[in-house]
Each structure stands twice: as structure tokens, then as C-alpha cells.
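In what follows, a single structure is set out as C-alpha cells and then discussed.
Every number in this text was worked out from the coordinates using simple rules, so none of it is lab data. None of these values were measured; they are calculated from a predicted model. Ideal geometry is used to build each Cβ from the backbone, glycine not excepted, and the neighbour counts take in all protein chains shown.
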Amino acid sequence: MLALVLEDIGRLVLKEVEVPKVVPGSILVKVHACAICGSDVRIANHGNPRVKVPAILGHESAGEVVSVGEGVTKFKVGDRVAIGSDVPCGSCVYCEAGIGNVCETNYAMGYQFPGSFAEYVLLNPLVVEFGPVHLIPPNLSYEESALAEPLACCLNALELTGVNLGETVIVIGGGPIGCMIMEVAKRMGAGKVIAVLRSRKRLEIVGSVADVVIISSEEDVRERVKSETYGLGSDVVITACSSPDAQADALHLARGRGRVNFFGGLPPNSEKPKLDSNLIHYRELLVTGAHGSVPRHHRQALSLIEQGLIDVRKYISSIYSLTDGVKAFQKASERSEMRIIVKPN
């Protein structure tokens, strides 16, 4: 089969590899859509301790079951399935508590387990038993279903911060993740959603979701936030970008007892932010992180998309064939588009 293989940091190549063999407890899925996540770009350009090259990346995917291993009862040949990222180990205290996304083993598709930038992906017995693999509702396309994974991560972040009726929510970053967070926050009852962007690149689509858009390169963000919040600051601030400055700034944008969530992870070699801990202390800020999601979030995300509550189609900016996968990654690295989908077939 054809696959995009990360042979070394900065070296992504299209090549033929063996089709994975089905073993008892596993299933083989023919990939129909796999989206390029910002973390895929970071892994390709900077590496990741959990990814050992050569590796096949890709964790936002959907496809059709073409082969089922002995003992599998959850799925059958012909099933359409959406596949998420984080896979609980199933046995540690975190996984037993339902928070496998903070499992110390931290398995994930496209990380320790081969991902979906290929014609076929094997879901091993652990993924089949405990992972985020769910049947696609009849009215959803493979492309929409692939975006259940990033939406699931947004649900995890907003679950950690909470949004109460009428509260103000600031999202720093206007990519697909940032926009999905804004949309879900509104569904949860947010009164005003403010987006903070570096430039006007994605202004049109962000403006269709946010109530207020602030371009940080053109005006003083803190002063504008004060004017939008009666001088108090925001109830919730979420950093949906890979920026140390955004994390440091987020604390200044929150009101007393505000909730701040660091959603976007930083590249391994990036400068770590200098956080003003006195802001946390005196304003009694509640600061959390958000890493991935758990399988129930993935199921909930599919349900939200199925019901039309979140329309992810507007976040699909372009579709590339697998044979143009390297070009698709180059385009994703420019951060000028929303989600780019790679379709093997």
C-alpha cells in the first residue's frame, strides 16, 4: 500500500509499505479521509518522544472496515468508523478513572501506533477494545467524521473550564480548533465570544463564529478586552495556538476567579513562557491544561456533528490525494488554511 512515512525529522516521503496483517482482536480499516492536525506538522518538523521513525502519522481519520480479526465482536466488515487519537491502556489508575488521556503510557494513533496517512490502518486489539473508534452515523461523510477527533479535544477543554450562561469566553488562536471551541462555548451558553488573532489571514471564517475579533498586531489586546468586559476581564480564556506569548498573555485577560486553559501544546524546543504567578495568586485564577480527549468525547463529538449542532464542513479548506500528501503537509505548515484533508482513495 501507499503511505506517507516520516523517515526522519523534516523528511516526509510517499512510499510503498506492506499492508498490515490482521491478528486476533484487531481490525483493518481502509482509510477514506485523514485530516492534518497541527501536532502532525510539529511532529514532522520537530519530532516527538513518542514517535519513533520511520513512522506513519495521522490521528484524525475515518474509513471502512475491510477485515476483522478473530474474536472481534464490536465491528464487522463494511462498517464505517471514525477513529480518534488517544488510546487508554485500560489498566492504570487514570484509565480506570476514565481519564486515559493523562495515562502515563499515553498511547495514541499516529504516535506509538501507526496512523492513517496511508491506504490502510490497522487498529490493534488495545485500540479496538479501549480506543476512540465509533460507527459513523449514516448521514455523515468520512471527511466530517474525521473531524470528530479535534472536536472531541475541544469538548475536553471546555469540560475542564466550564462555561456558564452569559459568561465571556476568549479564545486566542483562530484555526479550526479555536473556531470549534468558540462554537461549542456558544452552545454551552457563552454570552460573548472574543477571538484573538495575530493577523487577518482567517478573519472571514473566524468572524462568522466569534462576536468580537481582535487582531493583536493592530491593537492593544488587553485594553480592548477591558473595553469589551466592563474593565473586568474574561470569565474563560483558552489558548488554542502553540504560542508561549499567548500563554503568558492569557493570565492578563482573565477576570478574578477566571478560568484559563492552555490547550495548544508548545513545540519541544520552544522558549517556555514566563508566567506571572502573582496574577494567579491575587486574582485566584484557575489554570488548567487540556491534552487530547477520551473515547466518550469522541462519541459526543460525532453526535454533535450528526445533529447539525456543529457544522465542521466549513473548517475543511482543501482536500489532497495521498499522492500529494507531502505537498499537503507543506501547505498545512503555512497555517493559512483551516483543516486540510488527505484522501488515499
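Return one quarter of the surface area of the convex hull spanned by the alpha-carbon atoms of segment 83-167, equal to its mean projected area, in nm². Show your work: numbers first, answer last.
Numbers: hull surface 29.7 nm².
Answer in nm², one decimal: 7.4.
Using a Gaussian network model of the chain whose springs link C-alpha atoms within less than 10 Å, name the residue from Gly191, Gly308, Gly115 with the highest mean-square fluctuation.
Gly308
Charges at C-beta only: +1 for Lys and Arg, -1 for Asp and Glu. How large is the resulting dipole of segment 1-140 about its Cα centre, in Debye rounded to 20? Spell out each step's value before the answer.
Details: 10 positive and 14 negative charges, 23 e Å.
Dipole size: approximately 120 debye.
For Thr168, Thr229, Thr239, what ranking results if the residue with the fewest other Cβ atoms within 10 Å of its Cβ goes first?
Values: Thr168 27, Thr229 18, Thr239 30.
Listing Thr168, Thr229, Thr239 from fewest to most nearby Cβ atoms yields Thr229, Thr168, Thr239.
Roughly how many whole Å is it from the C-alpha centroid of segment 301-335 to that of segment 245-283?
Segment 301-335 and segment 245-283 have Cα centres separated by 29 Å.
Give me the one-decimal nm value for the distance between modelled label points at Leu309 and Glu7, 7 Å along each residue's Cα-to-Cβ direction.
For Leu309 paired with Glu7, the spin-label model returns 4.6 nm.
Just to confirm my numbers, what's the Cα centroid distance between segment 39-109 and segment 142-157 in Å?
Their Cα centres are 14 Å away from one another.
Distance in nm between label sites at Glu70 and Glu204, each 7 Å beyond Cα in the beta-carbon direction?
Those two pseudo-labels are separated by 5.7 nm.
Quick one: what Rg and Dmax do you get for the chain from the alpha carbons, in Å?
Just the Cα atoms of the chain yield Rg and Dmax of 19.9, 63 Å.
Can you give the convex hull volume of the alpha carbon atoms of segment 49-102 per residue, in Å³? Before the final figure, lay out each step's value.
Numbers: hull volume 7.7 nm³, N = 54.
With only Cα atoms used, segment 49-102 gives 143 Å³ per residue.
Sorted by average packing, counted as other Cβ atoms within 10 angstrom per residue and highest first, what order do 198-205, 129-136 take?
Details: 198-205: 15.4, 129-136: 21.8.
Averaged packing, sorted descending, gives the order 129-136, 198-205.
Mind putting a number on the dipole of segment 154-289 about its Cα centre? Charges go on the C-beta only, +1 for Lys and Arg and -1 for Asp and Glu, and I need it in Debye to the nearest 20.
Numbers: 16 positive and 16 negative charges, 20 e Å.
About 100 debye.
Given just the C-alpha atoms of segment 1-150, how large is their convex hull per residue in cubic angstrom? Show your work: numbers first, answer last.
Working: hull volume 15.6 nm³, N = 150.
Taking only Cα atoms, segment 1-150 has a hull volume of 104 Å³ per residue.
With contacts defined as alpha carbon pairs under 8 Å and 6 or more residues apart, what's the relative contact order of the chain in percent?
Values: 812 pairs, mean separation 66.5, N = 345.
19 percent.
Give me the distance in nm between label points sitting 7 Å out from Cα along the Cα-to-Cβ direction at Asn45 and Val102, one decimal.
A separation of 3.0 nm, rounded to one decimal place.
What number results when the radius of gyration of segment 154-289, computed over Cα atoms, is divided by 2.2 N^0.38 Å? Numbers along the way, then the final one.
Details: Rg = 13.4 Å, N = 136, 2.2 N^0.38 = 14.2 Å.
Cα Rg divided by the expected 2.2 N^0.38 Å: 0.94.
Taking the DSSP beta bridges in the chain as the whole, what percent of them are antiparallel, to the nearest 5?
Values: 31 of 59 bridges.
Counting only bridges with both partners in the chain, antiparallel ones make up about 55 percent.
What residues have an amide H closer than 5 Å to that of Met188, excluding those fewer than 5 places away on the same chain, when H is modeled at 1.01 Å from N in the peptide plane?
Placed amide hydrogens put nothing under 5 Å from Met188.
Please give me, ordered by residue number, the trypsin sites (Lys or Arg not before Pro) of segment 50-134 that lie in loop per DSSP and have at most 16 other Cβ atoms within 10 Å.
Those that pass, being in a loop and sparsely packed, are Arg50, Lys52, Lys74, Lys76.
If you line up the long axis of helix 176-187 against the longest principal axis of the chain, both from Cα atoms, how many degrees apart are they, to the nearest 10?
Tilt relative to the chain: about 70 degrees.
If you bin every alpha carbon distance in segment 8-57 into 5 Å steps from zero, what whole percent lands in each bin?
Result, from short to long distances: 4, 15, 22, 22, 20, 13, 4, 0 percent.
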